[in-house]
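The structure appears below as structure tokens.
What follows is calculated from the coordinates using simple rules that are stated; it is not laboratory data. Keep in mind that this is a model prediction, so the values were computed, not measured. Cβ sites come from the backbone with ideal geometry, for glycine too, and all protein chains shown count toward neighbours.
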Amino acid sequence: MKKLLPTSTAGSLPKPSWLAQPETLWSPWKLQGSELSDGKHDALRVSLHEQQLAGVDIVSDGEQTRQHFVTTFIEHLTGVDFENRKTVKIRDRYDASVPCVVGPLSRTKPVFVDDAKFLRAQTKQPIKWALPGPMTMIDTLYDDHYHSREKLAWEFAKILNQEAKELEAAGVDIIQFDEPAFNVFFDDVNDWGIACLERAIEGLQCETAVHICYGYGIKANTDWKQTLGNEWRQYEEIFPKLQKSNIDIISLECHNSRVPIELLELIRGKKVMVGAIDVARNEIETPEEVAATLREALKYVDADKLYPCTNCGMAPLPRDIANDKLKALSAGTELVRKELLAN
């Protein structure tokens with residue numbers, strides 16, 4: 001019997017300090033060669049164990065084997081130059097040094113499939129695996145070949161579909177596409193962004209998800225949030241089309257955001273991963289705070305379609321705090337679970 005309100009994480013989890021610099025995005029690895037390969041899998045085991053101790057139902061790799069959620073995928077493709085980088089503004093928020101697309105893109109071998117097989121061998125729990133979405137990928141590099149955001153996104157969608165099919169064959173239960181760019185480029189999302197996402201999931205039999213959020217808890221993102229006003233209605237721009245899409249699950253930021261919870265009405269009928277943990281602060285949520293977020297969401301999402309999770313990835317957080325936040329997520333979810341079963 002499927003568990004009611006299965007908990008999950010939205011993305012990355014902190015890496016051990018012996019593998020990479022703590023609380024840092026794009027942190028360089030501290031190991032090399034075979035030691036790095038072994039260290040990544042050791043970290044994956046540790047991350048899985050910590051998720052299990054915290055009571056997480058749908059586990060993930062915690063992105064332990066990747067330096068960054070977008071560029072680690074891109075660096076395995078042909079047609080991309082990582083030596084001669086360009087500085088671009090990501091998500092219209094902050095500048096970053098990124099690789100350049102210099103020729104036709106292709107995927108000559110799987111990127112994460114071996115890691116997924118390794119994780120599948122460690123647990124019988126449902127596994128969720130995150131991939132960067134096409135629109136977020138094109139927003140995290142410099143295009144010196146296609147000269148068209150839309151053309152480049154369609155190329156990435158085809159490549160992502162290849163990877164997703166092999167991840168499914170490796171035993172992944174849910175494949176999630178991370179699309180924080182969906183909260184920024186609304187016209188593009190509705191014109192071709194969601195269509196590209198559907199190309200990326202074409203032919204998959206496992207469940208699919210799209211994660212839309214307001215970003216990691218880094219200063220550039222928290223500063224941007226201060227400009228969004230008292231109500232964050234960005235989701236409103238794209239929810240109607242997402243509701244009609246073939247994506248099974250929509251993952252979004254709720255707790256401590258200013259998103260009007262009634263916007264969930266626009267995706268009624270979809271499964272929803274409701275972010276009940278704030279990744280932009282170190283304070284640990286109480287179980288009751290988590291429960292309160294879930295109770296509000298249940299006004300618009302059927303209980304059998306609600307998945308409690310974190311707002312976004314937690315890589316920049318201290319590891320002990322991230323673990324305590326996951327425990328709070330499980331404890332708060334259990335409060336609501338008992339209420340639902342009692343009724």
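Looking at the square roots a ≥ b ≥ c of the eigenvalues of the Cα gyration tensor of the chain, which shape do they give, rounded for a/c under 1.5, prolate if a/b is larger than b/c, or oblate?
In terms of gyration-tensor shape, rounded.
With a/c under 1.5 counting as rounded, go ahead and sort region 73-167 into rounded, prolate or oblate using the C-alpha gyration tensor (a ≥ b ≥ c being the square roots of the eigenvalues; past the cut-off, prolate if a/b is larger than b/c, else oblate).
Judged from the Cα gyration tensor, region 73-167 comes out prolate (a/c at least 1.5, a/b above b/c).
Longer than 24 Å from Cα to Cα, which of LYS15/LYS270; LYS124/LYS165; LYS40/LYS305; LYS30/LYS158; LYS124/LYS327 are they? Say none if no pair is.
Exceeds cut-off: LYS15/LYS270; LYS40/LYS305; LYS30/LYS158.
Kindly put HIS255, HIS145 in sequence by how many other C-beta atoms sit within 10 Å of each C-beta, fewest to most.
HIS145, HIS255
Can you give me the relative contact order of region 132-195 as a percent, contacts being Cα pairs under 8 Å and 6 or more apart?
Averaging sequence separation for qualifying contacts and normalising by length gives 48 percent for region 132-195.
How would GLU262, GLU23, GLU285 line up from fewest to most surrounding beta-carbon atoms within 10 angstrom?
Listed from fewest to most nearby Cβ atoms, that is GLU262, GLU23, GLU285.
Please report the spacing between the Cα centers of region 118-140 and region 147-219 in Å, no decimals.
11
Where Lys and Arg each count +1 and Asp and Glu each count -1, what net charge lies around GLY103 among other residues with Cβ under 12 Å from its Cβ?
Taking every Cβ under 12 Å from that of GLY103, the sum is -4.
Would you order GLU155, GLU75 from fewest to most other beta-carbon atoms within 10 Å of each residue's own beta-carbon?
In increasing order of surrounding Cβ atoms, one gets GLU75, GLU155.
Can you give me the long-range amide H partners of GLN176? Hydrogens built in the peptide plane at 1.01 Å from N, cutoff under 5 Å, separation of 5 or more residues or another chain.
The list, which skips near neighbours in sequence, is TRP129, ALA130, LEU131, ALA209.
Could you bin all the Cα-Cα distances of region 258-336 into 10 Å bins starting at 0 and give me the percent of pairs in each, rounded to whole numbers?
Using 10 Å bins, I get a P(r) of 20, 50, 26, 4 for region 258-336.
Using the alpha-carbon centroid of each, what span in Å lies between region 44-89 and region 262-303?
Here the answer is 25 Å between Cα centres.
Please identify the cysteines of the chain that lack any partner cysteine with a Cβ under 4.7 Å from their own Cβ.
CYS100, CYS196, CYS206, CYS254, CYS309
Pairs of Cα atoms under 8 Å, at least six residues apart: use those to get the relative contact order of region 1-87, whole percent.
It rounds to 32 percent for region 1-87.
Using unit Cβ charges (K, R positive; D, E negative) and no other charged atoms, how large, in debye to the nearest 20, is the dipole of the chain about its Cα centre?
Dipole size: approximately 420 debye.
Please identify, among LYS40, LYS158, LYS117, the residue showing maximal mean-square fluctuation in a Gaussian network model of the chain using a 10 angstrom Cα cutoff.
LYS117
Evaluate the relative contact order of the chain (contact order divided by residue number), counting alpha-carbon pairs under 8 angstrom at least 6 apart; express in whole percent.
20 percent.
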